[in-house]
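Okay, structure first, notes after.
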Amino acid sequence: MTTPSDDPGHTPGHSPDRLFGRAFDRTGTGSSKWARTAGAAGVIAMGLADMDLPGPPAVAAALGRRARHPAYGYTVCDPAGRELVARWYRDRHGVEIDPAWVLLLPFGPRTAVRLLLEAVRPTGPVLFPAPEWGGFAQVCRAAGLAHRELPLARDAAGYRLPLDAFAGHRAGAVLLSSPHNPSGRVWTAAEVRALAEAAARGGGVLLSDEVHGDLTHPGHRHPVAVAVAGPYRERTVTLNSVGKTFNTSGIPSCFALVPDAALRERLTGVMAGYGLWEGGLLEQVVQEAALRDGGPWLDALLDHLAAARDRLTGVLGEAVRSAPEASYLLWLDAAALGLPPVGARAALLERCGLEASDGADFGPGGEGSLRLNYALPEPALAAAVGRLERLRNPAITRLHRL
């Protein structure tokens, strides 16, 4: 893994305090996350999975250079991008990826899931755990595909995949967010391989959405699905994107790792039917700059997120349903926060000015939960921590009033 100390392009400006220690204003940028609060004064937006942090300077510089060229016509896919993705996986995750597996896609992961399902042509139901990112259910409904949501197991350490339940169904496809969205759980390599086996036995494919995989916290290792699937690799696809890692989702792009050449061919055929081809003008600029030069920035980000996680989990205690091991999401029990299970999102907003995601949006098992995004600059993070402390300890609020 590239670290600030061994990267020749590193400067002191990549320290977490300098990058993320100051207030960060997104006013006038069309931010979807902040639009959810309708500009309410004093509200801290902690809902949508979008970081309120400045992105890598290398990405901004690359976009600026490209924008200064006055031609913005059709572009072709740069084959060097495949090598860059393979190098990223080798350097950051310690796994070897054949560049031939890589498809560079000019749209976001949700669209990729939809088009991959069309290319897979599942003959049985699409399976995925619950609670889970709501996009899977939306895509299946839009595509007219039967789907089943299998309840996640949970123990003292947090969520576990219900492997027996998956093995007991003949799946047309298995969908998985890895690491888990909404809880930030890092699945084990054995769990991911078991899902790949369950999909293969049903004649299906495991589609592993790994857009949070580069944000794994220290002490945990992200299992890249195509690398851990073993004999089921040809029935496995990994999806990833620089969007979540580097907060560039406003310029949608992703890449798919597809070991099966026949599935790659079917996917490119499906894409062509919608007028879509690999590459993209700004998409390639952003992806190349992020993967080539964004490592030091990412290392500083991970330090910031780990510290923020520790501060918040220390305040929230047993209200955290599953200890986060990746990304910047906390999955919370509303009742443990003293909030009503129904209408918890509105109650949190009213009582302490924090906007969260409603757990019901994550399917069965999500009711009575909230998802909180803590990718905030230091001043906003400190304010959020203080408000949550007062929510958890009403005596603090009474003391302040005296």
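The values are calculated or read from the model by the stated rules, or taken from the named source; none is laboratory data. Since the structure is predicted, the reported quantities are computational estimates derived from the model, not experimental observations. Positions of Cβ are backbone-derived with ideal geometry, glycine not excepted, and every protein chain shown enters the neighbour counts. Heavy atoms of the whole protein, side chains included, go into the accessibility calculation; ligands, DNA and RNA do not. Shrake-Rupley method; radii C 1.70, N 1.55, O 1.52, S 1.80 Å.
Regarding the range 285-307, can at least one residue be identified that is without any contact (Cβ under 8 Å) to a residue 40 or more places away in the chain and open to solvent by 50 Å² or more (accessible area, probe 1.4 Å)? For the range 285-307, residues without any contact (Cβ under 8 Å) to a residue 40 or more places away in the chain and open to solvent by 50 Å² or more (accessible area, probe 1.4 Å): absent.
Pairs meeting the criteria (first residue in the range 345-357 and within 11 Å of G47 (Cα to Cα) and buried (at least 20 other Cβ atoms within 10 Å of the Cβ), second residue basic (K, R) and modelled with pLDDT under 95, beta carbons under 8 Å, at least 6 apart or on different chains) are E355/R36. Scan the range 285-294 and give yes if some residue there is in contact with a strand residue (DSSP E or B) (Cβ under 9 Å, 6 or more places away or on another chain) and within 30 Å of Y72 (Cα to Cα), otherwise no. Checked the range 285-294: at least one residue is in contact with a strand residue (DSSP E or B) (Cβ under 9 Å, 6 or more places away or on another chain) and within 30 Å of Y72 (Cα to Cα). Beta carbons closer than 8 Å, at least 6 apart along the sequence or on distinct chains, pair a first residue in the range 29-53 that is without any contact (Cβ under 8 Å) to a residue 60 or more places away in the chain with a second that is β-branched (V, I, T) and in a loop (DSSP other than H, G, I, E, B) for W34/T27. Among the residues of the range 381-402, those that are under 23 Å from E325 (Cβ atoms) and either modelled with pLDDT of 95 or more or in contact with a Ser or Thr (Cβ under 9 Å, 6 or more places away or on another chain) (or both) comprise L381, A384, V385, L388.
Listed here are the residues, each with its yes/no results for (1) at pLDDT below 95; (2) touching a helix residue (DSSP H, G or I) at 6+ places or on another chain (Cβ under 6 Å); (3) of a type outside the set (S, T, N, Q).
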site: E149; (1), (2), (3): no, no, yes
site: A167; (1), (2), (3): yes, yes, yes
site: P179; (1), (2), (3): no, no, yes
site: T188; (1), (2), (3): no, no, no
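Residue count for the range 207-240 under the criterion of being open to solvent by 10 Å² or more (accessible area, probe 1.4 Å) and polar (S, T, N, Q): the result is 1. On the basis of being open to solvent by 10 Å² or more (accessible area, probe 1.4 Å) and within 19 Å of V126 (Cα to Cα), does A156 make the cut? Criteria not met by A156. Taking the criterion of being within 17 Å of the chain's Cα centre (by Cα) and without any contact (Cβ under 8 Å) to a residue 60 or more places away in the chain, the only residue of the range 86-113 that qualifies is R110. Considering only residues that are in a helix (DSSP H, G or I) and among the basic types (K, R), look in the range 42-97 and name the one that is most open to solvent (accessible area, probe 1.4 Å). Looking at the filtered set, the residue picked out is R65. Selection over the range 172-200 of residues that are open to solvent by less than 10 Å² (accessible area, probe 1.4 Å), more than 18 Å from D260 (Cα to Cα) and small (G, A, S) gives a count of 4. Across the range 1-41, the number of residues qualifying as exposed (fewer than 12 other Cβ atoms within 10 Å of the Cβ), among the aliphatic types (A, V, I, L, M) and either at pLDDT below 80 or out of contact with any helix residue (DSSP H, G or I) (no Cβ under 8 Å at 6 or more places or on another chain) (or both) comes to 4. Residues in the range 54-64 that are of a type in the set (G, A, S) and either touching a residue at least 24 places away in the same chain (Cβ under 8 Å) or in contact with a strand residue (DSSP E or B) (Cβ under 9 Å, 6 or more places away or on another chain) (or both): 4 in all. Of all residues in the range 98-136, exactly one satisfies the criterion of being assigned to a loop (DSSP other than H, G, I, E, B), open to solvent by 10 Å² or more (accessible area, probe 1.4 Å), of a type in the set (D, E, K, R) and at pLDDT 95 or above, namely D98.
Across the range 269-278, what is the number of residues that are open to solvent by 50 Å² or more (accessible area, probe 1.4 Å) and part of a helix (DSSP H, G or I)? Summing the residues that are open to solvent by 50 Å² or more (accessible area, probe 1.4 Å) and part of a helix (DSSP H, G or I) in the range 269-278 gives 1.
Applying the condition of being aliphatic (A, V, I, L, M) and assigned to a loop (DSSP other than H, G, I, E, B) to the range 20-41 and asking which residue is nearest to E378 (Cα to Cα) yields A23.
Within the set G203, G243, the sole residue that is touching a residue at least 40 places away in the same chain (Cβ under 8 Å), assigned to a helix (DSSP H, G or I) and surrounded by fewer than 24 Cβ atoms within 10 Å (Cβ to Cβ) turns out to be G243.
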